Amino acid sequence: MENYTLITGATGGLGRAFVDLLGQTSNLILTGTSEAKLKALASEVSEKYNSIKVLYKACDMSIEEDRKNLIDFIKQNGNVNYLVNNAGYIAEGDFLKHDDEEILKIIRVNCEGTIDITQKIIKARNVNEALNIITVASLAAYYPMPHMAIYASTKAMLKNFMIALAIELKDQNVFITTVCPSGIPTTEAMKDAIKAQGKAGKMTMCSPEKVAMLAVKGANKHKLVVVPKAVNKFVKGISKLISEKSLANIVGKIWKKSQSKRNF
């Protein structure tokens, strides 16, 4: 049975960067919510890297039945020995302005879906081979973030869970790396958000190609956490020196000001 790399959220900006990087050496299984986009991407990658196999299966990570179907598809076609948990859902703005559906969506995609897929892939793996897992969290995982509380909290949950799981499975040939980038200019909304943050946004942002490269490099060294760019490592370090209340006040003011510039 052939080995594959599974990349969730494969058609997004960061997902595509992982596809381009890992497709150079590995068979791929691509997943995302759009069947049409997956088909087009799979065709393009197959032509670019004609020595690998590229499969795809649409999956909404917030839907349990979709996740089960994805796992069944994988079992029918091969073994996953590399997993990139890249699928994510972002929701900005005041908590009370989000409707119930959006709140549940972000929790189900970022937390429930990612954890469920991770467990199923680990259980289905070939235990005689190493399984590498990269999970995309966020620099926001280190801060309580008023005006972006639900997103930051789901990423904090993911970071803490993956670090704990990495230690739990360290003697079982499973290696987990969590990458915590700041802003990535992959969509117009994200570019606007970075621009609204001024110099701080420009200093901390990182291209999807750089994030993917550093994540894979870190995973190859079995690092627990990768924080792209020195300035972001500094920002992460500050979170250990200031009280959570002070952090929340500072970050809340920054995000409120940033979102007001965008008429958010």
Self-check item: Charge-dipole axis of the chain as Lys and Arg at +1 and Asp and Glu at -1 on Cβ define it, positive-most pick from CYS206, ILE117, ALA40
Solution: CYS206
Self-check item: THR135 long-range amide H proximity, modeled H, under 5 Å
Solution: ASN85, THR177, THR178, VAL179
Practice problem: Kindly provide the helix-only [θ] at 222 nm of the chain, computed as the sum of -39,500 (n - 2.57) over DSSP H runs of four or more divided by all residues, to the nearest 500 deg cm²/dmol? | Solution: -15500 deg cm²/dmol
Exercise. May I ask you to list the GluC sites (Glu not before Pro) in the range 39-142 that are in a DSSP loop and have at most 15 other Cβ atoms within 10 Å of their Cβ?
Key: GLU129
Quiz prompt | Simple label model, 7 Å out from Cα along Cβ direction - GLN24 to LYS210, nm | solution = 1.8
Quiz prompt | Stretch gain in nm, segment GLU112-LYS256, where the contour uses 0.36 nm per residue and the Cα spacing is subtracted | solution = 49.0 nm
Self-check item: Difference of contour (0.36 nm per residue) and Cα-Cα distance, ASN128 to ASN3
Solution: 43.8 nm
Quiz item: What lysines sit close enough to LYS105 to cross-link, taking a C-alpha to C-alpha distance under 16 Å and skipping anything fewer than 8 places away on the same chain?
Solution: LYS97, LYS155
Quiz item: Given +1 on the Cβ of Lys and Arg, -1 on the Cβ of Asp and Glu, and no further charges, what dipole in debye does the chain carry about its Cα centre, rounded to the nearest 20?
Solution: 1240
Quiz item: For the chain, what relative contact order do you get, as a whole percent, if you take Cα pairs closer than 8 Å and at least 6 residues apart?
Solution: 18
Self-check item: Sequence of THR114, THR25 once ranked by neighbouring C-beta atoms within 10 Å, starting from the fewest
Solution: THR25, THR114
Practice problem: Using R₀ = 41 Å, calculate the FRET efficiency as 1/(1 + (r/R₀)^6) where r is the Cβ-Cβ separation of LYS202 and GLU244; round to 0.05. | Solution: 0.95
Self-check item: Rounded to the nearest 20 debye, dipole of the range 27-99 from Cβ charges on Lys, Arg, Asp, Glu
Solution: 420
Practice problem: Using label points projected 7 Å from each Cα along Cα→Cβ, tell me how many nm separate ILE103 and ASN77, to one decimal. | Solution: 3.7
Exercise. Just grab the label-to-label distance for LYS37 and PHE95, each label 7 Å out from Cα along the Cβ direction, in nm (one decimal).
Key: 2.9
Quiz item: Pulled fully out, how much extra length does the chain show between GLU64 and GLN119, if you take 0.36 nm times their separation in residues and subtract their Cα-Cα distance?
Solution: 18.5 nm
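Counting other beta carbons within 10 Å of each Cβ, put HIS98, HIS147 in order, fewest first. Could you put the intermediate results ahead of the total?
Working: HIS98 17, HIS147 21.
The most exposed by this proxy come first: HIS98, HIS147.
Every read-out reported here was derived from the displayed coordinates using simple, explicitly stated rules and does not represent laboratory data. Since the model is a prediction, treat every value here as computed from it, not as a measurement. So basically every Cβ, Gly included, is an ideal-geometry build from the backbone, and we count neighbours across all protein chains shown.
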